[in-house]
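Just below is one structure, and these are the notes that go with it.
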Amino acid sequence: MSKVKSGRYPVLVVGAGPIGLTAALALRHLGLPAIVIEAEPKDRLRPGSRAIYFHKATLQHLEDIFPGLGYTFTKHGVVWPVKRTLFRGKEVYVKRYPSPDPKALPPFTSLPQVEAEKFLYQACLDAGVEFIWGTPVKDVRVDEQGVTVITESNEQWQCDYVIAADGARSTVRQSVGIEMEGPRTKDYFVVVDVREDETDPLPLERIFHYQHPAVDGRNVLYVPFAGGWRIDLQLLEGDDPEEFGSVEGVKKWLPKVMHPKYADRITWVSTYRFYQVVAKSFTDAHCRVLLAGEAAHLFAPFGARGMNSGVPDAIVAAKAIHVALHASTEEEAKEAIAVAAEERRIAARYNRDCAGIALEHIQGSSPMMNMKREVAASLAPILPRLGKWLDEGPYGPKSGPPQLSTKY
Ligand SMILES: Cc1cc2nc3c(=O)[nH]c(=O)nc-3n(C[C@H](O)[C@H](O)[C@H](O)COP(=O)(O)OP(=O)(O)OC[C@H]3O[C@@H](n4cnc5c(N)ncnc54)[C@H](O)[C@@H]3O)c2cc1C
């Protein structure tokens, strides 16, 4: 039997991942009540190895909606002063950065997503966000008047707007009939996290090896984060993901590319073929639901555009809902939601394309791309800009999505 919750809410957030938490904080910042409905229980264990790299723009966004939060991330993260790129074992590029100004936000910070989520969650508690844990949403019905959110326990919540931050398999997105479009990478990537040896830590350097000779020419990326290292091995066509991606498999190849002690310090191993997909629309036909984060897009992590773009999705959604709730006509309200949805869809498509450029740069196997990398590596000692070009591979273009002229 269904239980209709009494009252009607201006807005509900579905999903307490980092993007749902950001959306809730942004709503509170605008003076709106924020209720987050989350499928999992409060004491759940979050998957260990996802985002680590947070851009300055993200830190600034968090600072704007909850003063101090960007600096909390910074205090607990690390900034590496050196980045290096090697080609078949030979260094082709190195860049050293001055220490960031301790009084300003750094250009980025690197810390595990589980830590970042703890800080976001604490900020939500401090801001008065309400959480409904252990309550999976199973359906969402939308009409001109508003939204009914139906949970698996058959509770019905009535509201004006929903921010769908329920992740890659978003039930909300599926309920309102929005599809994702885009490809999936053909090759597999093995992503390994190891704990740092605090008594004898490695220097903080981000290192990318094109065609590492110790692992038969597979690409290897090393990224430091607070307390450990992320090592990303790119498998070659025909490689068995199980052979390289099982913990036993990792213990065989890791000591060839890092000090052997790290094979006993593995904290997480995942094998991915990355999706490069964006929702066809970020809102429903009635402009009542806004998608944010992985409910709206999935990218390969090169360039770290996933959570970094989910944060502005959430903030733009909250601002648009604030405008819509105060609009004097239904058309004005719809327009606010539609404009925000389109702005973030354009940004997501741009970010997906950038992640695609990064993938092509490091893994593209066309004769032209192979030749470009070979020529760049051999001429890098005399033409440093070619070494720089190789170094940009794992990031893709530096730029952010186009700035649109919306009021958000
Ligand atoms: C290997 C890897 C490395 C990455 N590195 C970076 C990086 O360095 N920088 C970066 O910016 N991004 C990175 N990302 C991407 C980043 O991890 C994601 O963008 C981010 O986790 C998305 O957060 P989210 O809140 O949208 O989704 P999620 O974290 O998946 O959260 C969704 C939430 O919704 C809940 N939920 C699901 N279904 C329901 C339902 N029916 N009802 C209620 N609740 C529901 C879930 O339980 C969960 O709590 C990386 C990803 C991977 C895989």
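The values are calculated or read from the model by the stated rules, or taken from the named source; none is laboratory data. If you're wondering where the values come from, they're calculated on a predicted model, not measured in any experiment. Neighbour counts run over all protein chains shown; Cβ positions are idealised from the backbone, glycine included. Areas reflect the complete protein model, heavy atoms only, side chains present, ligands, DNA and RNA absent. Shrake-Rupley method; radii C 1.70, N 1.55, O 1.52, S 1.80 Å.
Once the stretch 141-173 is narrowed to residues that are free of Cβ contacts under 8 Å to residues at least 12 places away in the same chain and away from the ligand (no atom under 11 Å from the Cβ), the residue that is farthest from residue 269 (Cα to Cα) is 145.
Under 6 Å between Cβ atoms, at least 6 apart or on separate chains: pull out the pairs that start in the stretch 106-118 with a residue that is open to solvent by less than 20 Å² (accessible area, probe 1.4 Å) and end on any residue that is more than 10 Å from the ligand (Cβ to nearest atom) and part of a loop (DSSP other than H, G, I, E, B). Between residues of the stretch 106-118 that are open to solvent by less than 20 Å² (accessible area, probe 1.4 Å) and residues that are more than 10 Å from the ligand (Cβ to nearest atom) and part of a loop (DSSP other than H, G, I, E, B), the close pairs are 106/79; 106/100; 109/77; 110/77; 111/77; 111/226. Looking only at residues of the stretch 197-211 that are in a loop (DSSP other than H, G, I, E, B) and touching a residue at least 60 places away in the same chain (Cβ under 8 Å), we find that the one that is nearest to residue 304 (Cα to Cα) is 204.
State whether one or more residues within the stretch 3-13 are more than 22 Å from residue 323 (Cα to Cα) and open to solvent by less than 20 Å² (accessible area, probe 1.4 Å). Scanning the stretch 3-13 turns up no residue that is more than 22 Å from residue 323 (Cα to Cα) and open to solvent by less than 20 Å² (accessible area, probe 1.4 Å).
Here are some residues: 319, 251, 334. Which one is more than 24 Å from residue 183 (Cα to Cα) and not assigned by TED's automatic domain parsing to the domain that holds residue 26? Within the list 319, 251, 334, the selection yields 251. Please find, within the stretch 225-241, the residue that is least open to solvent (accessible area, probe 1.4 Å) out of those that are within 14 Å of the ligand (Cβ to nearest atom) and farther than 15 Å from residue 257 by Cβ. Only one residue tops the list, namely 228. Do you know which of the residues in the stretch 390-408 that are under 27 Å from residue 230 (Cβ atoms) and among the charged types (D, E, K, R) is modelled with the highest pLDDT? Residue satisfying both the conditions and the ranking: 391. The single condition among (1) at pLDDT 95 or above; (2) more than 8 Å from the ligand (Cβ to nearest atom); (3) open to solvent by 40 Å² or more (accessible area, probe 1.4 Å) that residue 176 does not satisfy is (3). Got at least one residue in the stretch 35-46 being within 9 Å of the ligand (Cβ to nearest atom), more than 15 Å from the chain's Cα centre (by Cα) and surrounded by fewer than 14 Cβ atoms within 10 Å (Cβ to Cβ)? Among the residues of the stretch 35-46, at least one is within 9 Å of the ligand (Cβ to nearest atom), more than 15 Å from the chain's Cα centre (by Cα) and surrounded by fewer than 14 Cβ atoms within 10 Å (Cβ to Cβ), which makes the answer yes. For the stretch 7-21, a tally of residues being more than 8 Å from the ligand (Cβ to nearest atom) and either touching an Asp or Glu at 6+ places or on another chain (Cβ under 8 Å) or outside the structural domain of residue 154 (by TED's automatic domain parsing) (or both) returns 4.
Inside the stretch 47-84, residues that are without any contact (Cβ under 8 Å) to a residue 40 or more places away in the chain, surrounded by 16 or more Cβ atoms within 10 Å (Cβ to Cβ) and closer than 24 Å to residue 222 by Cβ make up a count of 1.
Checking each residue in the stretch 271-284 for being of a type in the set (Gly, Ala, Ser) and open to solvent by 20 Å² or more (accessible area, probe 1.4 Å) picks out only 281. Is the stretch 179-196 home to any residue that is within 16 Å of the ligand (Cβ to nearest atom), modelled with pLDDT under 95 and loosely packed, with under 14 Cβ neighbours inside 10 Å? Yes: the stretch 179-196 contains one or more residues that are within 16 Å of the ligand (Cβ to nearest atom), modelled with pLDDT under 95 and loosely packed, with under 14 Cβ neighbours inside 10 Å. Checking 77, 177, 146, 70 one by one, the residue that is touching a helix residue (DSSP H, G or I) at 6+ places or on another chain (Cβ under 7 Å) and not aromatic (Phe, Trp, Tyr) is 70 and no other. Of everything listed in (1) of a type outside the set (A, V, I, L, M, F, W, C); (2) surrounded by fewer than 16 Cβ atoms within 10 Å (Cβ to Cβ); (3) over 17 Å from residue 19 (Cβ atoms), the single unmet condition for residue 146 is (2).
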